[in-house]
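Before any comments, here is the structure.
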Amino acid sequence: ALFWIWKECIKRARAEYEAERLRSVVLDLEGTYAPDQWKHYTSHILETLEQQEASLHTDQQAILEEIHAQRQEEQMEASKTLQQLNQKWHDLIQKRHYLQMATLELEQEVKHIKENVTSGE
C-alpha cells in the first residue's frame with residue numbers, strides 16, 4: 001500500500017512539474033508575442049476611435065448646417081414681415097397726416113363760414 005501511495009505522489013509531482021513547465025513556456029511565448037498583439041489591439045482601438053470622432057464631427061456639422069439654414073429661412077420670413085409692417089406703419093402715418101391736414105382745412109372752413117354768417121347778420 002505504501003508503494004502505491006509513493007507511486008501516486010510521484011505521478012502527481014510529475015503532473016505538477018509538467019503544468020509548471022507549460023506555464024513557463026506560455027509565459028515565454030506571451031513575453032515574445034503579447035506586446036505585438038497589444039500594439040495591434042491598441043492601434044485598432046485608436047483607429048476606431050478616430051473614425052467615430054470623424055463621424056461624430058460630420059454628424060454635428062450636418063446638424064449645425066441644418067440649424068443655420070432653418071434660422072436663415074426664419075430670418076428671411078421675419079424680414080419680409082418686418083418690411084410689410086414697416087410699410088403699413090408709414091402708410092398709416094401718412095394717412096394720419098392727411099387726416100390732420102383735412103381736419104385743419106375743415107376747421108378753417110367752418111371758421112370762415114361762421115365769420116361770414118356772423119358778419120352777414
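The values are calculated or read from the model by the stated rules, or taken from the named source; none is laboratory data. Just so it is clear, the model here is predicted, and its values are computed rather than measured. Neighbour counts are summed over all protein chains in view; Cβ atoms, including those assigned to glycine, are modelled from backbone coordinates with ideal geometry.
Listed values, structure above:
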read-out: Selection count, region 8-62, where residues are acidic (D, E), modelled with pLDDT of 90 or more and over 32 Å from the mean Cα position of the chain (by Cα); value: 3
read-out: Of all residues making up region 85-121, the number that are surrounded by 10 or more Cβ atoms within 10 Å (Cβ to Cβ), over 55 Å from the mean Cα position of the chain (by Cα) and among the hydrophobic types (A, V, I, L, M, F, W, C); value: 6
